[in-house]
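What follows is a set of notes on a single structure, which appears directly below.
The values are calculated or read from the model by the stated rules, or taken from the named source; none is laboratory data. Keep in mind that what you see is a predicted model, and the values were worked out from it rather than measured. With ideal geometry, Cβ positions are generated from the backbone for all residues, glycine too; neighbour counts draw on all protein chains shown.
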Amino acid sequence: MLRRSQQASKTIDPNRDSHAGYQVVQLFGLIAISLMISALAIDFSYYYTAYNAIHTAADSAALAAATELYRDRQADPKVRIRDAQLQAQQYVMGNQPNIRLQSKDIVFGYIDPAKKIYNPVTFATPTDDSNFAYSNGYNGVWIKVSKTENSANGPLNTIMANLIGIHKMGMEATSIAMVDQSINAITNGGVRPFYACKAQVDQAMQDGVLENNLVRIYSDHVELDGSDSLVGCPGKGSGNWSFADFTGCEVSNVGISTMSDWLENGYRGTITAGQCYGASPGSFLSKLGGEINHLIAHGTVFPIPIYNGWSGGGSKANVTIDGFVGFKVTNYVANGPVEERYIEGHFDRYLCNTGCQSMNPAKVRPGGSVVKIRLASRS
């Protein structure tokens, strides 16, 4: 009886096979979920990389278009805008050869230079500020680079997500660049007492890269890339065409202490385009050093006047200011024969060319600050 009872207790669980089958299903389910997660991870990484690429393309295109809008000096604003559009398209193709920009993807507008914040409501309304008349009141460019179902470039094809029925992914990136005329663009404030002839600046602007051209300021003339002869500029030795006297149009009487202060700290008054100013002899170069060293050490970019009209000769030379250009000193020679002393550097960022003013170091006037092309913040 006892034996039978023990044998009878050895029963078989009828649910054992179904439990095992359920566990197998769970296992396959977990494997499938893992595969889906892996597939999505691969495509997410692919998407993230692709998005960064088109975002970089959008930034580059916006900066290039804004630069061209400001640099291009064609009289017709429509030509400026067309050239800026071409620049944007070329930069996108340079970053993403298979992507094209449509005209609707390049929008010109206006951003408040003080706030530097893109506002889609006010962006579409150009300003009537005369400083932006050259571009029909625009100072900003909005760019959109798209890879979507409805774009000309089409969506992004997936890699592994096809396994779970996801065959396409859409993405788009936008960027806004603007002409920044902020006080922060000038390190030490104030216009410095150097002159440059407008034809020299125009020559340096031909390739759009002002930094590529070497400028040397001598006591009686300014050289561009070693040349002291350029149509539209006065001849070498005919007057003191390089150092400026901002006190007026008369014979210069600026002393070394005043000139040193202007070099170190900038001229504290206002210089107005269209007016006549005197020229100052450059024999004081041998007495300078600390002021120029300070500008070089700090990499200061400061505005200097450019002229397109001149008269007189020798110490009676004077010029008519046409506008301003940024300048950066990189080297100087203050000793030796007078004709071998010079200040060396390059033009840096084009400023307004007519009707603009220089600035007081404490307060930059809207039309006369050093120009920087930058990405705008979003509201």
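Applying the condition of being touching a helix residue (DSSP H, G or I) at 6+ places or on another chain (Cβ under 9 Å) and assigned to a helix (DSSP H, G or I) to segment 286-330 and asking which residue is modelled with the highest pLDDT yields Ile292.
Restricting segment 87-138 to residues that are part of a helix (DSSP H, G or I) and among the charged types (D, E, K, R) leaves a set whose member that is farthest from Asn153 (Cα to Cα) is Lys104. Residues in segment 130-152 that are of a type in the set (A, V, I, L, M, F, W, C) and closer than 15 Å to Arg80 by Cα: Phe132, Ala133, Val141. Would you confirm whether any residue within segment 273-285 is of a type outside the set (D, E, K, R), touching a Lys or Arg at 6+ places or on another chain (Cβ under 6 Å), surrounded by 14 or more Cβ atoms within 10 Å (Cβ to Cβ) and not in a loop (DSSP other than H, G, I, E, B)? Looking for residues that are of a type outside the set (D, E, K, R), touching a Lys or Arg at 6+ places or on another chain (Cβ under 6 Å), surrounded by 14 or more Cβ atoms within 10 Å (Cβ to Cβ) and not in a loop (DSSP other than H, G, I, E, B), one finds at least one in segment 273-285, hence yes. If we keep just the residues of segment 111-154 that are of a type in the set (Ser, Thr, Tyr) and more than 23 Å from Thr56 (Cβ to Cβ), which is surrounded by the fewest Cβ atoms within 10 Å (Cβ to Cβ)? Among residues in segment 111-154 that are of a type in the set (Ser, Thr, Tyr) and more than 23 Å from Thr56 (Cβ to Cβ), the one surrounded by the fewest Cβ atoms within 10 Å (Cβ to Cβ) is Thr125.
Tell me which residues, restricted to segment 232-269, are in contact with a helix residue (DSSP H, G or I) (Cβ under 7 Å, 6 or more places away or on another chain) and under 19 Å from Gly313 (Cβ atoms). Result: Gly232, Cys233. When segment 224-242 is filtered for residues that are touching a residue at least 24 places away in the same chain (Cβ under 8 Å) and within 15 Å of Ala204 (Cβ to Cβ), the ones remaining, listed by number, are Leu224, Leu230, Val231, Gly232, Cys233. Before we move on, is Gln102 without any contact (Cβ under 8 Å) to a residue 40 or more places away in the chain, polar (S, T, N, Q) and surrounded by fewer than 22 Cβ atoms within 10 Å (Cβ to Cβ)? Spelling it out, it is not the case that Gln102 is without any contact (Cβ under 8 Å) to a residue 40 or more places away in the chain, polar (S, T, N, Q) and surrounded by fewer than 22 Cβ atoms within 10 Å (Cβ to Cβ).
One line per residue, one yes/no per condition, for (1) free of Cβ contacts under 8 Å to residues at least 24 places away in the same chain; (2) within 34 Å of the chain's Cα centre (by Cα); (3) outside the structural domain of Tyr277 (by TED's automatic domain parsing):
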{"position": "Leu295", "(1), (2), (3)": "no, yes, no"}
{"position": "His298", "(1), (2), (3)": "no, yes, no"}
{"position": "Asn308", "(1), (2), (3)": "no, yes, no"}
{"position": "Gly313", "(1), (2), (3)": "no, no, no"}
{"position": "Lys316", "(1), (2), (3)": "no, no, no"}
{"position": "Val325", "(1), (2), (3)": "no, yes, no"}
{"position": "Lys328", "(1), (2), (3)": "no, yes, no"}
{"position": "Asn331", "(1), (2), (3)": "no, yes, no"}
{"position": "Pro337", "(1), (2), (3)": "yes, no, no"}
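Annotation note: Cβ proximity below 6 Å between a residue of segment 271-290 that is farther than 15 Å from Met259 by Cα and a residue that is at pLDDT below 75 and assigned to a loop (DSSP other than H, G, I, E, B) (sequence gap 6+ or interchain) occurs for Ile271/Ser358; Ala273/Gly355; Ala273/Cys356.
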